[in-house]
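Undergrad: Here's a structure for you.
The values are calculated or read from the model by the stated rules, or taken from the named source; none is laboratory data. Fair warning: this is a prediction, and the values are worked out from it, not measured in the lab. Counting neighbours? That spans all protein chains shown, and the Cβs are built from the backbone with ideal geometry, glycine included. Side chains included, ligands, DNA and RNA excluded: accessible areas come from the protein's heavy atoms. Shrake-Rupley method; radii C 1.70, N 1.55, O 1.52, S 1.80 Å.
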Amino acid sequence: MKIFSLLKNDTWIKPYLTKYGKTLVLALFLGFMTFFCGGALMFNSGYLISRSASLPENILVVYVPIVLTRAFGIGRPVFRYIERLTSHNWVLKLTSELRLRLYNVLEKDAVFFKDKHQTGDILGVFSDDIDHIQNLYLRTVFPTIVGWLLYAVIVIALGFFSWFFALAMLLLLGVLTILMPLVALLVNGAKQEQQKQIKNKLYGGLTDNVLGVSDWIFSQRGQEYVSQHDAQEGQLRAVNHELKQHENLRNLLVQLVVAVVTVVIVCWAAFQFPGNHGGAANWIAAFVLVIFPISDAFTQIPGAAAETDIYQDSLSRLNDLSTDEAPTKQETVADPKQLAAGLKAPFKLAVNDLCFSYPDGRRNVLENIDLSLEQGQKLAILGRSGSGKTTLIHLLRGDLKPVSGQITLNGVPVSDLGDEISQFVGVIHQAPYLFNTTVRNNLKIGDENATDEQLWQVLERVGLAEMIRQLPAGLDTPVDEAGQRFSGGERHRLALARILLQDVPLVILDEPTVSLDPVTEQALIETFVEVLAGKTLIWVTHHLQGLSLMDQVIFVEDGELKLNGSPAQLAAENEYYQKLLRIDRGSF
Amino acid sequence: MLDKKIMEIPGAKQILSLLMLLTLLQSVAIIGQTITISRAIVSLWNGHPLSAQISWLVWFVLLYLLRHLCIYIKQQRLDKFASQASQEIRNKLLEKVFRVGPEITQKQGTGNVTTMALEGIDQVEDYLSLSLSKMINMILIPFVILIAIACFDWKAAAFLLVILPVDVIFMIILGYAAQDKADKQYASYQILANHFVDSLRGIDTLKFFGLSKKYGHSIFKTSEKFRKATISTLKIAILSTFALDFFTTLSIAVVAVFLGLGLINGTMLLYPALVILTLSPEYFLPIRDFSNDYHATLNGKNAFGAINEILDYDEQLPEPQELPQWDAASQLTITNMQHSYDQAQQVNQFDLQLHGFQKVGIVGLSGSGKSTLINLLSGFLQPDQAEISYNGIALDSFKQADWQKQLIYIPQVPYIFHQTLRENIVFYQQDATDEQVAAAVETVGLTDLVADLPDGLETVIGEGARSLSGGQAQRIALARAFLDQSRRIILFDEPTAHLDIETEVELKEKMLPLMENHLVIFATHRLHWLNEMDQVVVLDHGKVAEAGSLTELKQADGALVKLSHAMGRI
């Protein structure tokens, strides 16, 4: 079974079980006690009324059962309450560990993550996976272990009365606690797999078509799609129907076993406790009544087992993730920190005969690139999508290593600088990410020790001070999820302010102005150039707006430099550039 | 307690009566099961042999099974009912979404709509199959059992009758108090819960700032804070379950003690006492079941509400009009077409005159109303008021099937379906022949792409498969337009804004021939397109600032010239 092989090679659950072992044992013990008290209450009550019915001379004879009845009556809910808190507490502690682990795994690859997984919110998916593991514990693992504990205790306890009967119960209750869960796993496993696949297909298909809803409407084929979807949904309904039927049947069978257990216990008790109006016969009612509250602990196990399939995906996804967790070999000669400390202004960036290709790629993504940038120079990189612009940026930051050739900052290869590169190179993206916290915290990412005065200063420089001042809570205003409170232009300005605080000598702008209108774009570019004066600027763009503000323009095509020169020079001499310029400006 | 909308579902009344009938039978079986097992136990207690109990035990097993058979049948029928009902709701929802379109998806978010149609309706299905039976169990079973208990001992019945409302009231009071407190903690709880996803999404930004390693500690710290917040919320949130549990088990304990005392005094016999003791947990069981699943069904209930909201969404369908095919002599006059968004102060108001196979360029800054105008023209947005004359036929909106079926709409990023390239191209013209498709591929310049793809035209493209560049997506949109020559009106909504300049130049060459013999409405902020337009409309703050041929507007030295200066500081 898949779930077993998954658990065998798992590194996301097993190692943590021992970590908070005491709390785990406590949670399981409390879960056990909940059922124990429930059973004991009925056991004790059954004895109490039987004993009372045999008309004892003295009420003190039943005094102990009376007190116990109350104790168990109170004990059950109290244990249950504490058990829920303890088990949640344990699971959440585990979650903290898992989150840290997930974060650390993803952090290694952070820069390329979005490139690798283009579709969907893969990061959201991982975070959901961790929630699934929480549920795996609370809804499957705990109830099953508690049920097994109870099973073991009952069989051992009955062993004191009769070995033979204990064996009978071992087998009968084994049907509920072991056999039926296994059958449920086997029978449902394949169906659930099928259910999941259809569901994923439906999900993908529906998302795809809802995104393209305008085309369905314009082509007047909307109803066609709905019936198409319903047909697919029909397959899912058939599978669901089968699964539900299994579930209902399973519940019925479970109850059949409970009925048999009851009859067997009555028969056994009749032999074990013979008596007439009392005596040993007082125990008969006790042993029979205890079945009903206790059986709840067993009847939930097959259902819990049937659910495990839901967690398989999450488990295997997380475990797959950690297979590439093996530390990447760092062949750095020197300590990045020392290297970084040795670098002093002015900074000169040099690219010598750079070639790069991805390990699986057929051709070189970049070929024989030579560039040299003095401190304060402004370079624009143009090129079509897929021409290697983004790769070049990764190389400049040292996130990728050249196959041959070198990129050096004052003679030091940038890839040797490791994480220290963030002291020298800042990046502003097409869609700068703002964290769902206050404006202040978002800015402080640039410099954790920045004072309010400094914050206002940079806001002033990027032209946002006025706007932020008018916000209800000023710097403490939350930016809302993904910075939705602000417009595209404003988000870019906040990102710029952050970079200013970071105070790096070299800034890479990766198409920061795409999807802005030309006037906003122009204003933004002017701000960028103005406030970043003195820093080396590398600006990736896809059209000519704002290009005249740059010192040097290069065109990348198929991994090679096609044009290279200052904007003025290109405008005067290069025919191709002139043509683009003409088109871009229009004819007036 | 019960949603009125549930009763409107076809078959709901029948299933309810069936449920009631079976639940009554189930209650009788519960009582019978208790009586038979008690008979057997008491008889054994009295010293009778086991062999004399066989018939009681057989009856016990039969009644016990009858009880669970009732549950089985109820669940089977409910599953069927819920499955049919959810199918119907899902189809209604999708029909609505695929009829009304972006109006709904933009307001609700695409992700939301899909989640609603799939998971949301699954939750509704669970809600329907769980809540109905639990509700009826709660209404019927305790009272039937109470009557049975009263037959044996009215005092115990009276005690149980009195304790039930106390039980429920305590649960509700504690529930409310807990809710109140939990709500207060919820805000901080939510922030902490989202913090993790937020950090994962921004992980590259953290890396760029060299903070990503350090941030791991913060993740752990926040997660621990989250744990503490959750536990303190939970402490209170599960109080009401605790109260219910507490009163239930305590009541059973009290009943047991009362029964014991009655027996000692000789006012009661073992048999009735045993029946009452065994029935008491059964008396409380339905309400415990109901409260246990209450939170699970809450999701379904909320989803049901959200779906009904969409289903009740007013489509504002105008009277359908028969419109002739647009041709070289057609005339469209739009007078005083007004629209304003809910919260925005700007009222957009448009007057336009279009005729024949004109090419009309629409320019203006962000927020000038370009997109609003295009959305109004496509019929996806309803004007607050408008006088529209289409060849003399009066309309008050463009949400007309006869208008929309003549349109080709090409947005900034055309949507490419997760289908084969061929299926994407023939989307509007399903019966296109291979020759026609080949011609379209040739015309829009997709030949290279087709050659590059492993299975040529039959390669699956789109989200999650081979993704295309913006230029390629535009070419596919153009191919769709080329294939469907019956559509004579093309709406372009900034089709080249995302493209690099070189691709734009190549694409322009392909687009211009396609525009011939069409009414073209072209919204853009790339001014070089205006050279190709017959009419230029300049929008400013939601109004038409200027309209006329390019030459006229250049001479007028008005809004267009000002705009081109603002944009032209290259």
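Undergrad: Could you provide, to the nearest whole Å², the per residue accessible area of chain A with probe 1.4 Å?
TA: 43 Å²
Undergrad: Okay, moving on. Around B:L250, with a cut-off of 11 angstrom between Cβ atoms, what is the net charge of the other residues, counting Lys and Arg +1 and Asp and Glu -1?
TA: The answer is 0.
Undergrad: Moving on to the next point. Compute, for the range A:10-318, the length of the dipole vector about the Cα centre, with Cβ point charges of +1 (Lys, Arg) and -1 (Asp, Glu) only. Units Debye, rounded to 20.
TA: 800 debye
Undergrad: Then there is this: Using a basic spin-label model with each label point 7 Å from the Cα along Cα→Cβ, how many nm lie between A:H241 and B:I393?
TA: 4.5 nm
Undergrad: Whose amide H sits under 5 Å from the amide H of B:D540, counting only residues 5 or more places off or on another chain, with H placed in the peptide plane?
TA: B:A545
Undergrad: Between A:L92, B:G202, A:Q430, whose Cα lies farthest towards the positive end of the dipole of the protein assembly as shown when Lys and Arg beta carbons carry +1 and Asp and Glu beta carbons carry -1, centred on the Cα centre?
TA: A:L92
Undergrad: Same structure, new question: Using a Förster radius of 45 Å, what is the FRET efficiency between B:I231 and B:N112 based on their Cβ-Cβ separation? Nearest 0.05, please.
TA: With R0 = 45 Å, the Cβ-Cβ based efficiency is 0.90.
Undergrad: Placing +1 at every Lys and Arg Cβ and -1 at every Asp and Glu Cβ, with all other atoms neutral, what dipole size does the protein assembly as shown have around its Cα centre, in debye to the nearest 20?
TA: Value, rounded to 20: 5020 debye.
Undergrad: Something else about it: Taking 40 Å² as the minimum loss, tell me which residues in the range B:471-510 lose that much accessible area going from the chain by itself to the full protein complex (1.4 Å probe).
TA: Flagged in the range B:471-510: B:H498, B:D500, B:I501, B:E502, B:V505.
Undergrad: Please list the three semi-axes, largest first and in whole Å, of the ellipsoid equivalent to the range B:1-151, using sqrt of 5 times the eigenvalues of its alpha carbon gyration tensor.
TA: 47, 14, 12
Undergrad: Tell me the carbon and sulfur percent of the accessible area for chain A, rounded to whole percent, probe radius 1.4 Å.
TA: 57 percent
Undergrad: For the range B:254-261, just list the computed ³J(HN,Hα) in residue order, Karplus coefficients 6.51, -1.76 and 1.60, θ = phi - 60°, integers in Hz, with x standing in for Gly and Pro.
TA: For the range B:254-261, the Karplus-derived couplings read 5, 4, 4, 5, 4, 4, x, 5 Hz, x marking Gly and Pro.
Undergrad: Another question, if that's okay. Name the shape class, rounded, prolate or oblate, that the alpha-carbon gyration tensor gives for the protein assembly as shown, where a ≥ b ≥ c are the square roots of its eigenvalues, rounded holds for a/c under 1.5, and otherwise prolate holds if a/b is larger than b/c and oblate otherwise.
TA: The shape class here is prolate.
Undergrad: Still on this structure, I have one more. For the range B:221-332, give the magnitude of the charge dipole about the Cα centre (Cβ charges: +1 Lys/Arg, -1 Asp/Glu; no others), in debye to the nearest 20.
TA: I would put it at about 1360 debye.
Undergrad: While we're on this one: Expected output is a single nm value to one decimal: the length gained when fully extending between B:T459 and B:D534, i.e. 0.36 nm times separation in residues minus the C-alpha distance. What is it?
TA: The B:T459-B:D534 span can extend by a further 23.1 nm.
Undergrad: Which of B:M116, B:L93, B:L69 sits closest to the plus end of the dipole of the range B:1-151, meaning its Cα is farthest towards the positive end, when Lys and Arg get +1 and Asp and Glu get -1 on the C-beta?
TA: B:L69
Undergrad: Would you rank B:S366, B:S549, B:S251 by solvent-accessible area, highest first, keeping every protein chain in place and using a 1.4 Å probe?
TA: Order by accessible area, largest first: B:S366, B:S549, B:S251.
Undergrad: Another question, then. Under the rule of at least 5 residues apart or a separate chain, name every residue whose amide H is placed under 5 Å from the amide H of B:T420.
TA: For B:T420, whose amide H was placed from the backbone, the distant partners under 5 Å are B:I461.
Undergrad: In whole Å, what are the extents of chain A along the principal axes defined by its C-alpha atoms, from largest to smallest?
TA: Projected onto its principal axes, the Cα set of chain A covers 118, 58, 52 Å.
Undergrad: Whole-Hz Karplus ³J(HN,Hα) for the range B:87-94, in order, using 6.51 cos²θ - 1.76 cosθ + 1.60 and θ = phi - 60°, x for Gly and Pro?
TA: 4, 5, 5, 4, 5, 4, 4, 5
Undergrad: Enter the mean number of other protein chain beta carbons within 10 Å of the beta carbon of each residue in A:518-529, as an integer.
TA: Per residue, the number of nearby Cβ atoms from other chains is 3 on average.
Undergrad: If one computes the Cα centroid of the range B:1-80 and of the range A:369-439, what distance in Å separates the two points?
TA: 73 Å
Undergrad: Per the helix-only calculation at 222 nm, which mean residue ellipticity applies to the protein assembly as shown, given -39500 (n - 2.57) for every DSSP H run of n ≥ 4 and division by its residues, nearest 500 deg cm²/dmol?
TA: Computed mean residue ellipticity for the protein assembly as shown: -20500 deg cm²/dmol.
Undergrad: Let me ask you something else. Mind checking how much accessible area B and A bury in total, 1.4 Å probe, in Å² rounded to 100?
TA: Its buried surface, counting both partners, is about 13800 Å².
Undergrad: According to a simple spin-label model (label point 7 Å from Cα along Cα-to-Cβ), what is the distance in nm between A:Q223 and B:S218?
TA: 5.5 nm
Undergrad: Just name one of B:L261, A:S219, A:G398: the one whose Cα is farthest towards the positive end of the charge dipole of the protein assembly as shown (beta-carbon charges, Lys/Arg +1, Asp/Glu -1).
TA: Of B:L261, A:S219, A:G398, it is B:L261.
Undergrad: Another one. Does anything in the range A:546-568 have its amide N under 13 Å from the 7 Å Cα→Cβ label point of B:D452, and if so which residues?
TA: From the range A:546-568, the list is A:558-559.
Undergrad: Averaged over its residues, how many other protein chain Cβ atoms are within 10 Å of peptide B:97-106's Cβ atoms?
TA: Across B:97-106, the average partner-chain Cβ count within 10 Å equals 5.
Undergrad: Whole-Hz Karplus ³J(HN,Hα) for the range A:52-59, in order, using 6.51 cos²θ - 1.76 cosθ + 1.60 and θ = phi - 60°, x for Gly and Pro?
TA: Result, rounded to whole Hz: 5, 5, 7, 6, x, 5, 10, 5.
Undergrad: To the nearest 0.05, what FRET efficiency results for A:K196 and A:V264 with a Förster distance of 51 Å applied to their C-beta separation?
TA: 0.80
Undergrad: Continuing with this model, one more query. Place a point 7 Å from the Cα of A:C355 along the Cα-to-Cβ direction; which residues of the range A:551-569 have their backbone N under 17 Å from it?
TA: A:558-561
Undergrad: List every residue whose amide H lies under 5 Å from the amide H of B:K359, counting only residues 5 or more places away in sequence or on a different chain, with H placed 1.01 Å from N in the peptide plane.
TA: B:V520, B:D534, B:Q535
Undergrad: Going by average Cβ density within 10 Å per residue, which order do the peptides A:208-216, A:228-236 take, highest to lowest?
TA: So the order, starting with the most tightly packed, is A:208-216, A:228-236.
Undergrad: Please find the FRET efficiency linking A:N564 to A:Q406, where r is the Cβ-Cβ separation and R0 is fixed at 22 Å, and quote it to the nearest 0.05.
TA: 0.70
Undergrad: What is the spin-label model distance, in nm, from A:A533 to B:L512 if the labels are put 7 Å beyond Cα along the C-beta direction?
TA: Output for this residue pair reads 4.2 nm.
Undergrad: Please compute the contact order of the range A:10-318 in relative form: average sequence separation of alpha-carbon pairs under 8 Å and at least six residues apart, divided by the residue count, as a percent.
TA: Relative contact order here is 34 percent.
Undergrad: Oh, and also: Would you mind calculating the gained length between B:R288 and B:T551 on full extension (0.36 nm times residue separation, minus the Cα-Cα distance), in nm to one decimal?
TA: 86.6 nm
Undergrad: If you stretched the chain out fully between B:D180 and B:D434, how much longer would it get, using 0.36 nm times the residue separation minus the C-alpha to C-alpha distance?
TA: Gain on stretching B:D180 to B:D434: 84.8 nm.
Undergrad: Now for a separate question. Ranked highest first by average number of other Cβ atoms within 10 Å, how do B:160-167, A:504-511, B:4-11, B:300-307 line up?
TA: Listed from highest to lowest mean packing, they are A:504-511, B:300-307, B:160-167, B:4-11.
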